[in-house]
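**Q** Sharing a structure, written as structure tokens. Questions coming.
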Amino acid sequence: MDRASQDRQRNAGMTEGAPPSEKAILETPRLRIRPFALDDAPFAYELLNDPDWIRNIGDRNIRSLEDARAYLERGPMAMYEKEGFSLFAVVLKETGQTIGMCGLIRREVLEDVDIGFAFLPAYRGQGYAMESARACMDHAWGALGLERLVAIVAPGNAPSIRLLENLGFTFERWMKLPNDDEDLKLYRLDHRSP
């Protein structure tokens with residue numbers, strides 16, 4: 001993809017005149033979905049140390065705010081700069097509180113772009129993951145022109161499996177990530193044009 005295409009993807013749907021960390025990539029009735037900034041380190045520290053994150057996604061060794069800033073900088077922020085998409089901060093419109101992350105991930109081990117989501121415990125079970133994932137999927141099909149999305153999920157992560165199936169994803173195969181012995185489920189969803 002050329003630089004101009006990346007810039008168009010990066011700027012698609014952004015709030016005009018807002019600083020980069022405040023520009024909403026997507027909006028839903030209840031949520032703003034925006035790029036991460038280093039100021040999001042306290043949120044990242046809390047989420048990445050949540051026991052459910054560690055059990056279902058893995059321990060990222062985030063032991064300080066500095067570790068959290070490095071995670072954001074080398075992960076979501078770097079991918080956004082390179083690809084024009086990434087995991088994004090999910091913010092409640094009503095309060096401005098960052099409650100989770102959702103977005104698209106390019107992994108070297110996968111042919112297709114992966115959708116991912118995770119929310120702080122207090123904000124689970126309220127439809128925020130579904131709402132933000134649908135917005136990210138619409139963005140993938142529309143602005144990014146993707147034809148297929150995949151999702152990787154731990155077999156014991158029943159809430160995420162249920163969400164993926166409710167979004168229309170179907171199980172494709174078992175897989176392992178490099179340097180990891182855990183069997184993971186790979187789900188897929190092909191875009192159906194209206």
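The values are calculated or read from the model by the stated rules, or taken from the named source; none is laboratory data. Small disclaimer: the values here were computed from a predicted structure and weren't measured. Please note: Cβ atoms are built from the backbone with ideal geometry, for glycine as well, and neighbour counts cover all protein chains shown. Side chains included, ligands, DNA and RNA excluded: accessible areas come from the protein's heavy atoms. Shrake-Rupley method; radii C 1.70, N 1.55, O 1.52, S 1.80 Å.
**Q** Out of the residues in the range 117-132 meeting the condition of being closer than 21 Å to ASP59 by Cα and exposed (fewer than 14 other Cβ atoms within 10 Å of the Cβ), tell me which one is farthest from the chain's Cα centre (by Cα).
**A** Out of the qualifying residues, it is ALA122.
**Q** Filter the range 43-73 for residues that are of a type in the set (A, V, I, L, M, F, W, C) and outside any helix (DSSP H, G or I); which is nearest to the chain's Cα centre (by Cα)? Step through it out loud before you land on a result.
**A** At the first step, the residues of the range 43-73 found to be of a type in the set (A, V, I, L, M, F, W, C) are 43-44, 47-48, 53-54, 57, 62, 65, 68, 70, 72.
Still in the running and outside any helix (DSSP H, G or I): 57, 62.
Working: ILE57: 12, ILE62: 18 Å.
Step by step, filter the range 43-73, then rank; the result is ILE57.
**Q** Can you name every residue in the range 133-143 that is out of contact with any Ser or Thr (no Cβ under 7 Å at 6 or more places or on another chain) and open to solvent by less than 20 Å² (accessible area, probe 1.4 Å)?
**A** Taking the range 133-143 and keeping what is out of contact with any Ser or Thr (no Cβ under 7 Å at 6 or more places or on another chain), we get 133-134, 136-143.
Selection gives ALA133, CYS136, MET137, HIS139, ALA140.
**Q** Same structure, new question: Which of the residues spanning the range 96-113 are of a type in the set (S, T, N, Q) and either surrounded by fewer than 21 Cβ atoms within 10 Å (Cβ to Cβ) or not in a strand (DSSP E or B) (or both)? Give the steps one after another, and end with the answer.
**A** The first filter runs over the range 96-113 and keeps only residues of a type in the set (S, T, N, Q), leaving 97-98.
Correct list: GLN97 only.
**Q** Now for a different question. Determine whether ARG34 is charged (D, E, K, R) and without any contact (Cβ under 8 Å) to a residue 12 or more places away in the chain. Don't jump to the end; show me each part of the working.
**A** Working: charged (D, E, K, R): yes; without any contact (Cβ under 8 Å) to a residue 12 or more places away in the chain: no.
No; evaluated as a whole, the condition is false for this residue.
**Q** Moving on to the next point. Of everything in the range 148-175 that's open to solvent by less than 40 Å² (accessible area, probe 1.4 Å) and in a helix (DSSP H, G or I), which residue is nearest to PRO51 (Cα to Cα)?
**A** SER160
For every residue, the table says whether it meets (1) at pLDDT 95 or above; (2) part of a loop (DSSP other than H, G, I, E, B); (3) open to solvent by less than 20 Å² (accessible area, probe 1.4 Å).
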{"position": "MET79", "(1), (2), (3)": "yes, no, no"}
{"position": "GLU94", "(1), (2), (3)": "yes, yes, no"}
{"position": "ILE115", "(1), (2), (3)": "yes, no, yes"}
{"position": "LEU146", "(1), (2), (3)": "yes, yes, no"}
{"position": "LEU177", "(1), (2), (3)": "no, yes, no"}
{"position": "GLU182", "(1), (2), (3)": "no, yes, no"}
{"position": "SER193", "(1), (2), (3)": "no, yes, no"}
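**Q** Enumerate the pairs (first residue in the range 173-194 and under 14 Å from TRP141 (Cβ atoms); second residue anywhere and open to solvent by 50 Å² or more (accessible area, probe 1.4 Å) and hydrophobic (A, V, I, L, M, F, W, C)) with beta-carbon separation below 6 Å, excluding pairs fewer than 6 apart on the same chain, so at least 6 apart or on different chains.
**A** Every condition considered, no pair remains.
**Q** Okay, moving on. Tell me, which residue of the range 53-77 that is out of contact with any strand residue (DSSP E or B) (no Cβ under 9 Å at 6 or more places or on another chain) and surrounded by 19 or more Cβ atoms within 10 Å (Cβ to Cβ) is nearest to VAL113 (Cα to Cα)? Spell out how you get there, then give the answer.
**A** Here is the first cut: in the range 53-77, the residues out of contact with any strand residue (DSSP E or B) (no Cβ under 9 Å at 6 or more places or on another chain) are 54-55, 58-74, 77.
Filter once more, keeping what is surrounded by 19 or more Cβ atoms within 10 Å (Cβ to Cβ): 62, 68-69, 71-72, 77.
Details: ILE62: 25, ALA68: 24, ARG69: 24, TYR71: 20, LEU72: 19, MET77: 17 Å.
Filtering the range 53-77 for residues that are out of contact with any strand residue (DSSP E or B) (no Cβ under 9 Å at 6 or more places or on another chain) and surrounded by 19 or more Cβ atoms within 10 Å (Cβ to Cβ), the one nearest to VAL113 (Cα to Cα) comes out as MET77.
**Q** Within the range 40-48, is there a residue that is open to solvent by 80 Å² or more (accessible area, probe 1.4 Å), out of contact with any Pro (no Cβ under 9 Å at 6 or more places or on another chain), within 18 Å of ILE152 (Cβ to Cβ) and not hydrophobic (A, V, I, L, M, F, W, C)? Don't jump to the end; show me each part of the working.
**A** Step one: of the range 40-48, the residues open to solvent by 80 Å² or more (accessible area, probe 1.4 Å) are 45-46.
Then drop every residue that is not out of contact with any Pro (no Cβ under 9 Å at 6 or more places or on another chain), which leaves 45-46.
Applying the additional criterion that residues be within 18 Å of ILE152 (Cβ to Cβ) yields none.
No.
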